[in-house]
Amino acid sequence: MRYAKSSAGVLTRADMSPGSVEPGADNTVLVVEDDERIQRLVAIVLRGEGFRVLQAMDGRQALSVVAQDIPGVIILDLMLPVLDGWVLREKLRQDPSTAEIPIVLISAVRNLPQTARDLEVADYLSKPFEIDDLVKAVRRQLEPHRS
């Protein structure tokens, strides 16, 4: 998938093929990332693929968002202000209404594979990551939930 910057500086799809998310699927993704550029890029790409995107800059905001609207999958950075990804993951696990939400980690922490196992997340990508890989990871997590 290719993206290009318009003259206004907006990231747009260079190939105009439609996303493959089926209508009616639980296609809500919460992006928890404190780097505004990464968060914006991920949100633009996922929306372009047909996903509904919720956003949070830190763990506390993420908990507020999830209390109002439970997503089908969470994309989670670990290094966050206020409430980091490790604490957020534990709080989500403690709540029966959020314990089973699949989480895709995106992080530059050392030994991410072991961290992902320790946190019992569904998938992980090391920063920097390929945006196509993130889209595929999100689709893999939402696929079992489609009707």
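Taking the listed residues Leu92, Leu88, the one that is in contact with a Ser or Thr (Cβ under 7 Å, 6 or more places away or on another chain), surrounded by 14 or more Cβ atoms within 10 Å (Cβ to Cβ) and in a helix (DSSP H, G or I) is Leu92, with no other qualifying. Against the numbered list (1) touching a residue at least 24 places away in the same chain (Cβ under 8 Å); (2) within 19 Å of Phe129 (Cβ to Cβ), Ile70 comes up short only at (2). The condition (being touching a helix residue (DSSP H, G or I) at 6+ places or on another chain (Cβ under 7 Å), under 17 Å from Glu33 (Cβ atoms) and part of a loop (DSSP other than H, G, I, E, B)) is satisfied by just one residue among Val82, Val53, Val104: Val82. Summed over segment 114-130, residues that are modelled with pLDDT under 95 and assigned to a helix (DSSP H, G or I) total 0.
Report yes if some residue within segment 97-104 is crowded, with 16+ Cβ neighbours inside 10 Å, more than 13 Å from the chain's Cα centre (by Cα) and under 19 Å from Val29 (Cα atoms); otherwise report no.
Yes, the conditions are met somewhere in segment 97-104.
Taking the numbered list (1) within 19 Å of the chain's Cα centre (by Cα); (2) surrounded by fewer than 17 Cβ atoms within 10 Å (Cβ to Cβ); (3) at pLDDT below 90; (4) not charged (D, E, K, R) in turn, Gly50 passes all entries but (3).
The values are calculated or read from the model by the stated rules, or taken from the named source; none is laboratory data. It should be emphasised that the depicted structure is a prediction, and the values quoted were computed from it without experimental measurement. Heads up, the Cβs are rebuilt from the backbone with ideal geometry, glycines too, and the neighbour counts pull from every protein chain shown.
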